1. Whole-Hz ³J(HN,Hα) for each residue in region 64-73, computed from phi via Karplus 6.51 cos²θ - 1.76 cosθ + 1.60 with θ = phi - 60°, x for glycine and proline: what do you get?
2. Tell me which GluC sites (Glu not before Pro) from region 65-171 have a DSSP coil assignment and no more than 15 other beta carbons within 10 Å of their own.
3. Could you compute how fast region 27-66 diffuses translationally, taking Rh as the Kirkwood radius over C-alpha pairs and applying Stokes-Einstein at 37 °C with viscosity 0.692 mPa s? Give it in µm² per second.
4. With equal scatterers on the alpha carbons only and no solvent term, can you work out the Debye log10 of I(q)/I(0) for region 1-41 at 0.31, 0.32, 0.33 1/Å?
5. On average, how much accessible surface per residue is there in region 1-134, in Å², for a 1.4 Å probe, leaving out ligands, DNA and RNA?
6. How large is ³J(HN,Hα) for each residue in region 107-116, as worked out from phi by the Karplus curve 6.51 cos²θ - 1.76 cosθ + 1.60 (θ = phi - 60°), to whole Hz, x for Gly and Pro?
7. In whole Å, largest first, what are the principal axis extents of the Cα atoms in region 54-109?
8. Please list, ordered by chain and number, the residues whose modelled amide H lies under 5 Å from the amide H of Leu7; skip anything fewer than 5 residues away on the same chain.
Amino acid sequence: MAATFFLTGKWVEQYPEVTRRLAASPNFELANHTYGHLAFTGDCYGLPRIERRKMTGDVADTFDIVAGYGGRQTRYFRFPGLCHDRTALAELAPLGLTVVDGDVVSGDPFATAWRPIVRAVLDNVRPGSVIVLHVTEANAPMTDEALPHILAGLAERGLEPAALSEVLGTA
């Protein structure tokens, strides 16, 4: 099974051993999800907002942090909460990154049961979908339980998880 992991710089610093394992796997590629998971727009799921003048540095620093782990590095970037606007895009343009939104939002952050996560994914997934799931048990405690059911449901439909570079044809 292949996948792309969008990591925050803080998460990488908190979980260096997990990051090393992800980077060491030829099936996984690493991508950028900001340093501290701050919102790049107002009204983004209650996330605190990053100042405009700090946006570029936040994302550039995260690329540098993640790069130190090697593995399959990408220039992919996902905004926290998928919230962005023209201002945020303009601030990040000099970094030469590819912004990736997800078309299947699992709802796994703060979920209290695994079945709704499975349903949210399997009811909306299509060939080429980008599914947004989270790996941190602190804010997505049901993902581990949901994942085997999601994978089985994908297999029943003839769908196989892939790294984003494969989905986008850039591998």
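1. Per-residue couplings from phi come out as 5, 4, 5, 4, x, 9, x, x, 7, 7 Hz.
2. Glu137
3. 299 µm²/s
4. Listed by q, the Debye log ratios stand at -1.07, -1.11, -1.14.
5. 52 Å²
6. For region 107-116, the Karplus-derived couplings read x, 6, x, 6, 5, 10, 8, 7, 4, x Hz, x marking Gly and Pro.
7. For region 54-109, the Cα extents along the three principal axes come out at 31, 27, 17 Å.
8. It is Ala31, Asn32, His33, by chain and number.
The values are calculated or read from the model by the stated rules, or taken from the named source; none is laboratory data. Owing to the predicted nature of the structure, the values given are computational and were not obtained by experimental measurement. Ideal geometry is used to build each Cβ from the backbone, glycine not excepted, and the neighbour counts take in all protein chains shown. Just the protein is used for accessible areas: all its heavy atoms, side chains included, with ligands, DNA and RNA removed. Shrake-Rupley method; radii C 1.70, N 1.55, O 1.52, S 1.80 Å.
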